[in-house]
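Have a look at the structure below, then the notes.
Just so it is clear, none of the values below were taken in a lab; they were calculated from the coordinates. Every value quoted in this text rests on a predicted model; they were computed, and no experiment measured them. Counting neighbours? That spans all protein chains shown, and the Cβs are built from the backbone with ideal geometry, glycine included.
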Amino acid sequence: MTFDRSIKIAPSILSADFADFGREIQAVEAQGADWVHVDVMDGHFVPNITFGPPAVAAFRKHVKTVMDVHVMIAPVDPFIDAFAKAGADILTAHVEAGPHIHRTLQAIRGAGMKAGVALNPGTPAEAVAHVLDSCDLVCVMTVNPGFGGQKFIDMTAKVRRLRALIGDRPVHVEIDGGVDPTTAPLVAAAGADVLVAGSAVFRGGSVADPAPYGANIRAIRAAAEAALR
Ligand code: DX5
Ligand code: ZN
């Protein structure tokens, strides 16, 4: 993975057909996804449960791009090695998930993955100010984590503040929640480069009819890129 700040679209397979993850991943990649976003939920840090490391390892066989694993779990540290073995390229943990985010980020890098840190809507940009040299990505949640299909919460001021704090470090700013062609330009203009989208990518399509996935991805990308011109 080389660093660049071009717009990257990362479909969240939380909105895919749970009985057909392999073909769903192949379909969104064939339709232009840059990364594949995998949402791990534990029913404790967030009020929903999805899947754990064995499922993530099964997804890995189908991901040809970048597997971006977002863990909404607490604690994180006991599971870092399992997600490394499962083949995560990026592992993103929440700053709210425990008292030792610096240790967590170091352990993620130590296990050979890129390290991401996520911020809930109520958490200020400053919460990660002192770990920016220890991470490769900051994920700004634009919904309260736990479910797909929620309404976008405007965090553009936080994204701008983060970009100022990051300066010239090679750190991605990812947006997660409620991203669609209407909201993507707001966060792209503020400095985000990775746009996670679940419902706005998967709506209208299926593995049998994947063309809508491509149209949806292109619409989000075009709207975001237009905001940079
Ligand atoms: C929310 C997840 C998101 C979610 C996004 O907890 O982290 O990745 O799937 O879904 P949409 O794009 O539908 O808001
Ligand atoms: Zn996510």
Residue span residue 81 to residue 157: 0.36 nm per residue of separation minus Cα-Cα distance leaves a gain in nm of 23.9 nm
For the pair residue 109 and residue 227, the simple spin-label estimate (label points 7 Å beyond Cα toward Cβ) gives in nm 2.9
Only helices counted: for the chain, with every DSSP H run of 4 or more residues adding -39500 (n - 2.57) and the sum spread over all residues, [θ] at 222 nm is -9000 deg cm²/dmol
With T = 37 °C, eta = 0.692 mPa s and Kirkwood Rh from C-alpha pairs, the Stokes-Einstein D of the range 2-92 in µm²/s is about 244
The answer for residue 118, listing residues at least 5 apart or on another chain whose modeled amide H is closer than 5 Å to its amide H, is 93, 94, 95, 139
Counting Lys and Arg as +1 and Asp and Glu as -1 over every other residue whose Cβ sits under 15 Å from the Cβ of residue 86, the net charge comes to 0
Note on the chain: C-alpha Rg/Rh, Kirkwood Rh, two decimals, gives 0.93
Between residue 215 and residue 123, the FRET efficiency computed from the C-beta separation at R0 = 45 Å comes out, to the nearest 0.05, as 0.85
In nanometres, the difference between 0.36 nm per residue of separation and the alpha-carbon distance of residue 130 and residue 23 is 34.5 nm
Quick calc, the range 83-158, dipole around Cα centre from Cβ unit charges on Lys, Arg (+) and Asp, Glu (-), nearest 20 debye, gives 180
Taking Cα pairs closer than 8 Å and at least 6 residues apart, the relative contact order of the chain in percent is 21
Whole-Å distance linking the alpha carbon centroid of the range 121-137 with that of the range 161-218 is 20
Quick calc, the range 1-102, dipole around Cα centre from Cβ unit charges on Lys, Arg (+) and Asp, Glu (-), nearest 20 debye, gives 240
Two pseudo-spin positions, 7 Å from Cα along C-beta at residue 207 and at residue 64, lie apart in nanometres by 1.7
Of all DSSP beta bridges having both residues in the chain, the percent classed as antiparallel (nearest 5) is 5
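Mind checking the dipole of the chain: about its Cα centre, +1 per Lys or Arg Cβ, -1 per Asp or Glu Cβ, Debye to the nearest 20?
320
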The farthest towards the positive end of the charge dipole of the chain, of the residues 170, 139, 181, given +1 on Cβ of Lys and Arg and -1 on Cβ of Asp and Glu, is 170
